[in-house]
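Encoded as structure tokens, the structure appears first; notes follow it.
The values are calculated or read from the model by the stated rules, or taken from the named source; none is laboratory data. Computed from a prediction, not measured in an experiment: that's the story for all the values here. We place every Cβ from the backbone using ideal geometry, glycine too, and count neighbours over all the protein chains shown.
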């Protein structure tokens, strides 16, 4: 079976005011307080396009390698619903603002970070459209409460071609899109606040045959649920077909509690949106350096080249730069960008320590990050600051403590009691023994007490040396430098 | 080309119009014939025009907050409200199926 997955992603544009009106865009405000007469669809009102929304869509289109349509059109998509007061949504169905792009993303093979593969998904188009209001269903009183604060907020709909084949790919593609949007600033793309909504189109077929009937899955609120929903639906369709059933071309909702997709109620047959051109809006014309009109008011001109020149480094470029600059591995770059604030933290530590970035990254990803994950904390909430960690790594780098001791100190620092690494080392007596004579004495004592092991080593079994090193460590309560101990033991054994 | 009962029923569902009687349907029929005259013009290689505004400049507004904050006024028109929400039925109430409606179309 070949599963086929396509995505339609709606990203709320990060702007002060709405797409076609001057009311404010804000999450969680008093109901119906951010609504203008136009948003409420009162007669006599007209749409006026917000320049910032156009720029956001152009930036996003450029970042996704799209062709920007210098002339795009607005249309009306008609359907009845209580949170769509006009009875239609203004969208771009015929000629959207950007088409034919691509998005590259990485996934791990077999869950091994060290084996990452790059995949590409084609972007069919990006269109500007209005968001609808919010419906709150009050089942007890058999009614729906409608809040139009969200009605008219600008959306970019990003349509991804069915180039993906499973939940993991879908989630990885959306994650990369999320990072790109956040880097551009065109959308904050926080799924939990509804700023990024994903609908998945899923079908299965046998290799060589044409595509099967597809279903649309909605109501997916997180990347994790996206992967689950897609994989569940693929399985469901395969089982259904293998049992001789058929797949209906329907819309299903993902039930996160049960982990399955269910048919959505309230779907009265096939919808016919009766698209028609939006009569109140002329075509949207964009310019570039060549076509820039001489006499036009700057405020009325959106220059695609100007926007292109000012695009920030995209995540893929940032990762490559980190790898080149610090000598870390590609998968390290991936993890750094994947956690909000982690790159900054890492770079701050590197600035404040002599330890090589290649070693620092291990402490960041293996120690710090796993602590954060265990306690469900973000980088910003870390009780250990980059300053403290750098301080600790400096002690390690100067060989004043062993790396085992460093891990103990980190565990103490994690408690956030305000002690410095140096204070903790002193308190717990973790300093490495610097007195060579003292070390030599201990080594000798160990050698004297382990006759059999000494004979084995002299006979050529080098592995037993590690046991002796371990014994010295125990004697010194971990305060000896293993490399130095090994040297001393070898010297003594060869005498 | 006749406009079939199925098409009329579908239009009534989609647009919530009511063709009401034979005269209404006849008027629709005539309107379609009138528009069909467009087919007599050869439009090969001509971009369709969908608005006489097509060469007007689309005005771009600055991204400033200039409206909103008029909850009271908006809710004044609402027949029913709960706190500051508009009240609507629990879901779309679709037009009943043709067989279950008392409509002129039934007889056709």
Exercise. Might you check whether a residue that is touching a helix residue (DSSP H, G or I) at 6+ places or on another chain (Cβ under 8 Å), exposed (fewer than 12 other Cβ atoms within 10 Å of the Cβ) and within 30 Å of residue A:188 (Cβ to Cβ) occurs anywhere in the stretch A:330-349?
Key: no
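Can we say residue A:319 is touching a helix residue (DSSP H, G or I) at 6+ places or on another chain (Cβ under 6 Å) and over 20 Å from residue A:404 (Cα atoms)? Don't jump to the end; show me each part of the working.
Details: touching a helix residue (DSSP H, G or I) at 6+ places or on another chain (Cβ under 6 Å): yes; over 20 Å from residue A:404 (Cα atoms): yes.
When the stated conditions are applied, residue A:319 passes them.
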Practice problem: Please specify each residue of the stretch B:85-98 satisfying the condition of being within 7 Å of chain A (Cβ to nearest Cβ) and buried (at least 16 other Cβ atoms within 10 Å of the Cβ). | Solution: B:85, B:86, B:87, B:88
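Give the stretch A:88-126 a look and list any residue that's more than 21 Å from residue A:337 (Cβ to Cβ), away from chain B (no Cβ under 14 Å) and touching a helix residue (DSSP H, G or I) at 6+ places or on another chain (Cβ under 8 Å), or say none.
Taking the stretch A:88-126 as the starting set, the residues that turn out to be more than 21 Å from residue A:337 (Cβ to Cβ) are A:88-100, A:110, A:122, A:124-126.
Retained after the next criterion (residues that are away from chain B (no Cβ under 14 Å)): A:89, A:91, A:96, A:98-100, A:110, A:122, A:124-126.
Passing the criteria: A:98, A:126.
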Quiz item: Taking the condition part of a loop (DSSP other than H, G, I, E, B), assigned by the TED database to the domain that holds residue A:219 and touching a strand residue (DSSP E or B) at 6+ places or on another chain (Cβ under 9 Å), does residue A:114 pass?
Solution: no
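Can you spot a residue in the stretch A:174-189 that is at positive phi, touching a helix residue (DSSP H, G or I) at 6+ places or on another chain (Cβ under 6 Å) and touching a residue at least 12 places away in the same chain (Cβ under 8 Å)? Step through it out loud before you land on a result.
Filtering the stretch A:174-189 for residues at positive phi gives A:185, A:189.
Adding the requirement that they be touching a helix residue (DSSP H, G or I) at 6+ places or on another chain (Cβ under 6 Å) leaves A:189.
Within this subset, residues satisfying the condition of being touching a residue at least 12 places away in the same chain (Cβ under 8 Å) are A:189.
Checked against the condition, which is being at positive phi, touching a helix residue (DSSP H, G or I) at 6+ places or on another chain (Cβ under 6 Å) and touching a residue at least 12 places away in the same chain (Cβ under 8 Å), the stretch A:174-189 yields at least one hit.
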Exercise. List the number of the failed condition for residue A:327; all other conditions in (1) exposed (fewer than 12 other Cβ atoms within 10 Å of the Cβ); (2) free of Cβ contacts under 8 Å to residues at least 40 places away in the same chain; (3) more than 14 Å from chain B (Cβ to nearest Cβ) hold.
Key: (1)
Quiz item: So, of the residues in the stretch A:1-33 that are free of Cβ contacts under 8 Å to residues at least 12 places away in the same chain and not in a strand (DSSP E or B), which turns out to be nearest to residue A:161 (Cα to Cα)?
Solution: A:28
Quiz prompt | Residue list for the stretch A:459-485, filter: closer than 19 Å to residue A:435 by Cα and assigned to a loop (DSSP other than H, G, I, E, B) | solution = A:476, A:477, A:478, A:479, A:480, A:481
Quiz item: If you check residue A:77 against the conditions, is it out of contact with any helix residue (DSSP H, G or I) (no Cβ under 9 Å at 6 or more places or on another chain) and outside the structural domain of residue A:335 (by the TED database)?
Solution: yes
Quiz item: Taking residue A:456 and the conditions (1) under 47 Å from the mean Cα position of the chain (by Cα); (2) surrounded by 11 or more Cβ atoms within 10 Å (Cβ to Cβ); (3) farther than 18 Å from residue A:481 by Cβ, which numbered condition does it fall short on, given that it satisfies the others?
Solution: (1)
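If you check residue B:6 against the conditions, is it outside any loop (DSSP other than H, G, I, E, B), in contact with a helix residue (DSSP H, G or I) (Cβ under 8 Å, 6 or more places away or on another chain) and within 13 Å of chain A (Cβ to nearest Cβ)? Step through it out loud before you land on a result.
On the way: outside any loop (DSSP other than H, G, I, E, B): yes; in contact with a helix residue (DSSP H, G or I) (Cβ under 8 Å, 6 or more places away or on another chain): no; within 13 Å of chain A (Cβ to nearest Cβ): yes.
Criteria not met by residue B:6.
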Exercise. Please enumerate the residues belonging to the stretch A:291-324 that are exposed (fewer than 13 other Cβ atoms within 10 Å of the Cβ), more than 14 Å from chain B (Cβ to nearest Cβ) and assigned to a helix (DSSP H, G or I).
Key: A:309, A:317, A:321, A:324
Practice problem: Would you mind telling me which numbered condition in (1) free of Cβ contacts under 8 Å to residues at least 12 places away in the same chain; (2) assigned by the TED database to the domain that holds residue A:179 residue A:273 fails? | Solution: (1)
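If you check A:366, A:280, which single one turns out to be part of a loop (DSSP other than H, G, I, E, B) and out of contact with any helix residue (DSSP H, G or I) (no Cβ under 9 Å at 6 or more places or on another chain)?
Working: A:366 fails: part of a loop (DSSP other than H, G, I, E, B).
Answer to the selection: A:280.
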Quiz prompt | Scope the stretch A:202-249; condition assigned to a loop (DSSP other than H, G, I, E, B), within 16 Å of residue A:262 (Cα to Cα) and either modelled with pLDDT of 95 or more or in contact with a strand residue (DSSP E or B) (Cβ under 9 Å, 6 or more places away or on another chain) (or both); matching residues | solution = A:214, A:221, A:247, A:248, A:249
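Specify which of the listed residues (A:27, A:80) is at pLDDT below 95 and either buried (at least 24 other Cβ atoms within 10 Å of the Cβ) or away from every other protein chain (no Cβ under 14 Å) (or both).
A:27
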Quiz item: Identify, please: which residue in the stretch A:384-423 is part of a helix (DSSP H, G or I) and modelled with pLDDT under 85 and is, among those, farthest from residue A:477 (Cα to Cα)?
Solution: A:403
Self-check item: Count - residues of the stretch A:133-155 that are in contact with a helix residue (DSSP H, G or I) (Cβ under 8 Å, 6 or more places away or on another chain) and either away from chain B (no Cβ under 13 Å) or in a strand (DSSP E or B) (or both)
Solution: 2
Exercise. Among residues belonging to the stretch A:255-270 that are more than 9 Å from chain B (Cβ to nearest Cβ) and in a loop (DSSP other than H, G, I, E, B), point out the one that is modelled with the lowest pLDDT.
Key: A:267
Quiz item: Among the residues of the stretch A:55-65, is there at least one that is away from every other protein chain (no Cβ under 14 Å) and closer than 30 Å to residue A:212 by Cβ?
Solution: yes
Quiz item: Does residue B:48 meet the test of being facing chain A (nearest Cβ under 7 Å) and modelled with pLDDT under 95?
Solution: no
Quiz prompt | Answer residue from the stretch B:52-74, given it is farther than 22 Å from residue A:301 by Cα and within 7 Å of another protein chain (Cβ to nearest Cβ) and is surrounded by the most Cβ atoms within 10 Å (Cβ to Cβ) among those | solution = B:68
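So, in the stretch A:87-105, how many residues would count as being more than 25 Å from the chain's Cα centre (by Cα) and in a strand (DSSP E or B)?
Restricting attention to the stretch A:87-105, the residues satisfying the condition of being more than 25 Å from the chain's Cα centre (by Cα) are A:87-97.
So of that shortlist, the ones also in a strand (DSSP E or B) come out as A:88-91.
Of the residues in the stretch A:87-105, 4 are more than 25 Å from the chain's Cα centre (by Cα) and in a strand (DSSP E or B).
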Quiz item: From the list A:141, A:252, which residue is at pLDDT below 95, assigned by the TED database to the domain that holds residue A:19, surrounded by 20 or more Cβ atoms within 10 Å (Cβ to Cβ) and over 15 Å from the mean Cα position of the chain (by Cα)?
Solution: A:252
Practice problem: Give the stretch A:55-80 a look and list any residue that's over 22 Å from residue A:293 (Cα atoms) and either without any contact (Cβ under 8 Å) to a residue 60 or more places away in the chain or in a strand (DSSP E or B) (or both), or say none. | Solution: A:65, A:75, A:76, A:77, A:78, A:80
